[in-house]
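Remarks on the structure that follows.
Every number in this text was worked out from the coordinates using simple rules, so none of it is lab data. Given the structure is predicted, the values throughout are model-derived calculations rather than measurements. Ideal geometry is used to build each Cβ from the backbone, glycine not excepted, and the neighbour counts take in all protein chains shown.
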Amino acid sequence: MKMDAREVMAALKAHRGDAVVVCSLGTASSQWWNATRCEETLYMTGGMGFAASIALGLALSLPTTQVWALNSDGSLCMNLNCLLTEAGQSPKNFRHFVIDNEVYQTLDKPMPMVNQQGTDYAAIARAAGIANAITIDNVADLKARLPEIVTTPGPHFVVLKVEPMLDYPPVPPYHYEGAEMKYRFARNLEKKLGITVFGPRGY
Amino acid sequence: MDIHELIHSELTKCGVTLAASLPDDWVAPLIRRLAADPAIRHVPVGREAEAIAICTGAFLAGVRSVAIMGTTGLHCCIGEMMSINLRHGIPVLIVCSLRGTPEDHQIYQEQQGRRTIPMLLAYDFPYVMLEKPEDIPRIPDVYNHSRLQKRPYLLFVTRRLLNAGKKP
């Protein structure tokens with residue numbers, strides 16, 4: 001059994017609270033934007049594999065702020081060693097979700113992931129040292145487990161099995177990127193958290 | 001004062017409180033010093049691009065950080081430095097060994113030595129060489145310059161600097 005990515009995003013949105021989010025490029029970014037329009041989120045358009053590491057850097061730097069990585073299976077496979085680093089640091093404020101559709105979705109015609117259906121990412125995470133690592137494949141379970149996932153100390157690693165999308169948008173739906181993405185995201189954090197990211201001259 | 005102690009001291013003056021690293025033997029003593037400093041969050045990583053991304057996250061949180069690696073690791077993470085840092089205009093200071101110079105007699109560093117600087121020029125990544133102890137106090141200016149430049153910025157630890165540090 002697998003979930004619809006839209007239903008997954010709706011469930012995650014209902015439990016985000018004040019969490020800051022970093023989305024990997026592709027399904028995670030486009031569907032989280034469509035569900036939330038949230039600007040306390042960094043939407044990646046490059047750096048495939050490293051949304052989780054950027055989120056980890058945020059979590060370590062903002063220990064009283066909840067930080068989510070909204071990753072994908074393709075991106076995770078480009079940086080599997082992030083799981084060792086997350087385990088080594090064990091930030092209590094960190095949750096790592098993986099949208100696992102078993103394909104490279106952003107191609108004109110999706111192609112299968114490496115070792116499609118043959119890899120248990122939650123088992124890899126547990127073996128790396130993240131004890132709270134699970135796989136969820138239906139929305140009822142997701143809704144039932146999210147309250148505990150977002151309130152108990154992290155790190156948590158959650159694989160979310162979804163169907164590939166047949167109507168995946170050919171271009172990312174969010175309408176800003178690059179330096180504007182940096183400024184909008186970090187300016188929102190400055191306002192929300194009372195931190196200083198940019199100096200008085202804007203850099 | 002020890003070369004690595006001097007670099008550590010200057011990074012502290014810059015306000016650095018997070019260091020993400022993957023060692024080679026030239027920068028390992030600096031990493032050990034930073035890891036032992038309770039004022040610095042040390043994040044050992046399994047691949048150099050992780051260090052770049054973690055420092056990127058720290059920047060977005062308003063925390064000053066440094067990535068530390070060897071020359072081979074620098075070559076390995078050039079793509080992420082382009083697609084994350086150049087793309088968004090996010091600075092990251094990288095303390096890196098400059099391997100493959102005439103003073104470096106390791107055969108496995110020779111290829112990197114011939115291509116490191118041309119690679120940085122191709123990507124327009126600024127760099128500063130630390131060649132003698134008197135260069136080390138430049139680090140706070142270099143750090144501020146990296147913020148102005150809004151891109152990856154290399155601070156190279158050279159064999160000449162390390163040799164100078166060994167002299168009585």
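The sole residue among A:LYS182, A:LYS191 that is of a type in the set (D, E, K, R) and closer than 30 Å to A:TYR104 by Cβ is A:LYS182. Scanning segment A:189-200 for residues that are facing chain B (nearest Cβ under 9 Å) and not small (Gly, Ala, Ser) gives A:LEU189, A:GLU190, A:LEU193, A:ILE195, A:THR196, A:VAL197, A:PHE198. Segment B:1-109 holds strands (runs of 3 or more DSSP E) entirely within its bounds, and those carrying 3 or more residues that are facing chain A (nearest Cβ under 9 Å) and either within 30 Å of A:GLN66 (Cα to Cα) or in contact with a helix residue (DSSP H, G or I) (Cβ under 8 Å, 6 or more places away or on another chain) (or both) map to B:16-21, B:41-44.
One residue alone among A:ALA186, A:ALA144, A:ALA140, A:ALA133 is touching a helix residue (DSSP H, G or I) at 6+ places or on another chain (Cβ under 6 Å) and more than 14 Å from chain B (Cβ to nearest Cβ), and that residue is A:ALA133. Exactly one residue among A:ALA55, A:ALA59 is touching a Pro at 6+ places or on another chain (Cβ under 7 Å), within 14 Å of chain B (Cβ to nearest Cβ) and farther than 24 Å from A:ASP167 by Cα, and that residue is A:ALA59.
There is at least one residue in segment A:98-120 that is among the small types (Gly, Ala, Ser) and closer than 24 Å to A:MET165 by Cα. Selection of segment A:165-188 for residues being farther than 11 Å from A:LEU42 by Cα, in contact (Cβ under 8 Å) with a residue 12 or more places away in the chain and aliphatic (A, V, I, L, M) yields only A:MET165. Contact map, segment A:94-112: first residue at positive phi, second residue of a type in the set (A, V, I, L, M, F, W, C), Cβ cut-off under 7 Å, separation 6 or more or different chains; pairs are A:GLU102/A:MET113. Taking the conditions (1) more than 11 Å from chain B (Cβ to nearest Cβ); (2) more than 14 Å from the chain's Cα centre (by Cα); (3) crowded, with 24+ Cβ neighbours inside 10 Å in turn, A:GLN31 satisfies each one other than (2).
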